[in-house]
Structures are given as structure tokens and as C-alpha cells.
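Single-structure report; data block below.
We did not get these values from a lab; they are worked out from the coordinates using the rules stated. From a predicted model like this one, the values you see are computed outputs, not experimental measurements. Cβ placement follows ideal geometry from the backbone for every residue including glycine, while neighbour counts extend to all protein chains displayed.
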Amino acid sequence: MPPSTRRYSFKPGQGSPNLRPGNFSPLDGISMEELEKLDKMMLVVAGFGILINVVQFIASNSHAWASTSALRGGQLFTAFLSLDTVQFGTPEHPNRDNEYFCSHRHACSLRTLCQAAGSDERFANSGALKNTPPDNWCDFEAAGGLTATLMGLGFLVGLIASGITAMYASQSIPWVALQFDKIEELGLSDHIQKSVMCACWIAAWCLIFATMVAYAMFIPDTLGWDGVGLDISFGLMRLCFVLCSFNAALMINSLFHGEEDLPEEVKSVWRDFNDASWLSARKWLYLLLGTQLVCYFLLMVVEVDWSALLIVLAAYYLIANSRSFMILYSVLVVVNLLLVDVVRAAQMPNYQTMAPGERYGAALWLTIVALKLLVLITIIVQEKIVAPKEGLYQA
């Protein structure tokens, strides 16, 4: 057999006197030097994979997939839907009004509501139905069942992908390396192993996307009154989709570009960040932009804010010392603050009356607005004080 093409290959008896063929455990002979050789990129992918699975599990068991108003006897009740049940009440007391729809105190089954007898009772003035039609509950049940099936498949594939990737990242551990040597002896080369991992992550990515599309497509538009709004659990799936996209991209890059180290541009940026003084405007610009990017990422649970792309302009200004990009970023941020953020702040309801998801989104959005202002102030300090002293724009 040709020698292993993997970065780390270990045979019993090489570098560890405690190992003997057929007589060792996974933890025998592991040193700190071997642990430091763990594939950091693959570990990041595996870590994100575990996070994806945890978030999917939380989302699947939450009554926050959709919220809307349901009708019962001509009265409106707020409905909070999971994939197979629904709660009626308020954000503070989500089970308060369940008794008007079913006998269960915790939640009402969508199947029970679907199979209940309908009523043709209508409002005298408008002719609208006074009760939510059972067909609407049936639509929610069908959409939830399909979504749960796709999510279960995605969870299983993601769990397998995370496990395989974590094992691959741990090949500097002797026992793990020996298992991969045995796998290669079966004819599964390193390229084939990476192809399998890549296929698993792409499959998980497709299933998460299909989960979101299926639920959004097949739920009804209304339960008899206003529209149906997608809630935080759907936003959590959106977050999983972004993380899975990141994992798939890293795996595809590893498949076609091998075990190459980080690009020199990335190293240059990291060196620039480390070399900057903690009291410098440059250091704080890096930190503020990084924090803002994290906030935009977490805001994705509630909404997708495309003003996050402005960070690219600020980052390029910082990396390339380009005054043109600084001016472009500053103008666009000021316009965004005045035309979007100020108007949104004026329309924001009382914080105490918001649902938990709305409070979460409002808190993150206010943090992002504050960071925009801080970034602008830091840029001014950088341009008016630091740049002239360091001659950043001199020919």
C-alpha cells in the first residue's frame, strides 16, 4: 500500500512507547504536542456542526415557528405554533386561552383542531367566519409534519457530518490515526474521505434550506383574521443555514486546495491587529467592526439586515488605508442612520409590551446602531489624529 497522504499518520510504536499493536486505548500516549497538531479548521467545522444540531433541537421543540390571530366564537386569540401543537394566550402567559380551543392546559394538538367540526357562523356585517376553519389547522399540521421530517433528516446528516469531521480533525491522536490508516488500507484515500465529509455537509445544507422553504411555502396565509408571521424558531433555522453554508464552504475549499495554510492576506490582517496598540484607534476599529459583525449575525434570528455589508467597506478602508472607501462608508452609514434607523426608532413600540423575540431583536438592533456611531467617531479620530502623524496617505 502507498504511504498515507494525510497530514498526520501514526503507527503503533512510533513516537509513543506506551502503544502496542492490539493493546492500547484511545487515550494512551497522547501528549500536548500531539493535541496541538489537531486540525484547527476541521475542529471549527465540527464545533459549528454541533452548534447547528443543538440549535435545530431547540427550534424543533419551540412554540415559536409562527404567530398569528385565531378566531373562536367571534373573538381573537393570539396563537403560537410549533410543528405539531399550538398555544393560545399572550407572550407572558402563552397557555392562558387554551381552554377555548381544547382541553389541554399545556398546548392544543394541531391534529385535534384539524379533526374538529367546523362552524359556518359568520359576522352579520362582513360575512366573515367567526371561527378559524379546520382546514387551516390541517394545513399547519401538514406543513409541520413535512418540516419535522426534513429537519429530522437534516439533524441526522448533520450529526454524522460533525462526528466524521471531528474524528478527521483528531488524527494527531494515535488511536484515531490508526483507525484512519485502516480505512485507507481499504482503498478509501484521503481525497475520498474529504469528499464524503463534503457531501455530508452539502446534504445537511440542502436539508436545512428545504426545511425553511417547506414550512414557509405550505403554512396557510391566515387563520381567519390577520396574516401569519414567521417567528424565532424559523429564524434559528436561518442561523443554522448560514453556519452550515460556512461549513460547506470550508469543506469544499479543503477538498480542492488540500491542507493549505491560511492565505497570506488573512495572516497580514491578523498581524496588523496584533501589532496595533490597545490604546490606538486602529485596534478599536477592528474590535468594533468585529463586534458589529457578531451582532448582525445574531440579529439574523429575527431579520436579515443587509446594512451589514457596509462592514466590508469599513474593513477594506482599515486594511488598505483607502480614504475613498472611508468616505464611501461614512456617507452610506450616515444615510442609513438618518433614513432607516431614526425612522425605525421613532416607530418602535414600548419595550415592555414587546414579545420576547421582539425584545431580543430590538436590543440587538440598538446595539448595532450604537456601534455604527462609535465606528464613525473612531474613524474621525483615526483620520484627524492618527493618520496625519503616521503619514498613512503620503506618497
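Add +1 for every Lys or Arg and -1 for every Asp or Glu among the other residues with Cβ under 12 Å from the Cβ of Glu141, and state the total.
Working: positive: Arg111; negative: Asp84, Asp135, Asp139.
Value of the local net charge: -2.
Pick from Gly224, Gly73, Gly357 the residue whose mean-square fluctuation is largest in a GNM of the chain, springs joining Cα atoms under 10 Å.
Comparing Gly224, Gly73, Gly357 in the GNM, the peak value goes to Gly73.
Taking the Cβ-Cβ separation of Leu332 and Gln115 as r and a Förster radius of 56 Å, what is the calculated FRET efficiency to the nearest 0.05?
With a Förster radius of 56 Å, E is 0.55.
With a Förster radius of 41 Å, plug the Cβ-Cβ distance of Ile319 and Asp84 into 1/(1 + (r/R0)^6) and report the FRET value to the nearest 0.05.
0.25
Between the stretch 121-148 and the stretch 184-217, how many Å separate their Cα centres?
The two parts, judged by their Cα centres, are 37 Å apart.
Residue by residue through the stretch 307-313, what is 3J(HN,Hα) from phi via Karplus (6.51 cos²θ - 1.76 cosθ + 1.60, θ = phi - 60°)? Round to whole Hz and write x for glycine and proline.
5, 4, 5, 5, 4, 4, 5
Total Lys pairs in the chain closer than 30 Å by alpha-carbon, pairs eight or more apart in sequence or interchain only?
Lysine pairs satisfying the spacing and distance rule in the chain number 23.
Could you give the length gained on full extension between Ala199 and His104, defined as 0.36 nm per residue of separation minus the Cα-Cα distance, in nm? Provide the component values of the computation, followed by the final result.
On the way: separation 95, 0.36 × 95 = 34.20 nm, distance 4.35 nm.
Result for the pair: 29.8 nm of gain on full extension.
Could you work out how far apart the two model spin labels at Phe246 and Gln75 are, taking each label as a point 7 Å from the Cα in the direction of the beta carbon, and quote it in nm?
Placing both labels 7 Å along Cα→Cβ, they lie 4.6 nm apart.
Order the peptides 332-344, 290-302 from the highest to the lowest mean number of other Cβ atoms within 10 Å of their residues.
Ranked from most to least packed, the peptides come out as 290-302, 332-344.
If you put +1 on each Lys and Arg Cβ and -1 on each Asp and Glu Cβ, how big is the dipole of the chain around its Cα centre, in Debye rounded to 20? Could you put the intermediate results ahead of the total?
Values: 25 positive and 34 negative charges, 120 e Å.
About 580 debye.
Whose amide H sits under 5 Å from the amide H of Arg122, counting only residues 5 or more places off or on another chain, with H placed in the peptide plane?
Amide H neighbours of Arg122: Lys130.
What relative contact order, as a whole-number percentage, does the chain give when Cα pairs under 8 Å and 6 or more residues apart are counted?
Normalised by residue count, the contact order of the chain is 18 percent.
Less than 13 Å Cβ to Cβ from Asn350, Lys/Arg counted +1 and Asp/Glu -1: what total charge do the surrounding residues give?
Combined, the nearby Lys, Arg, Asp and Glu give 0.
Taking springs between alpha-carbon atoms closer than 10 angstrom, which of Ser233, Ser195, Ser126 fluctuates most in the Gaussian network model of the chain?
Ser126
Any idea how far apart Asp272 and Ala363 come out in nm if each label point goes 7 Å out from Cα toward Cβ?
3.4
Taking the dipole about the Cα centre of the chain, with the C-beta of Lys and Arg at +1 and of Asp and Glu at -1, give me whichever of Leu250, Leu364, Ser189 is farthest to the positive side.
Value: Leu364.
Pop the C-beta distance of Thr149 and Leu279 into the FRET formula with R0 = 45 Å and round what comes out to the nearest 0.05.
0.20
Springs between alpha-carbon atoms under 10 Å, Gaussian network over the chain: tell me which of Met151, Met217, Met251 tops the mean-square fluctuations.
The residue with the greatest mean-square fluctuation here is Met217.
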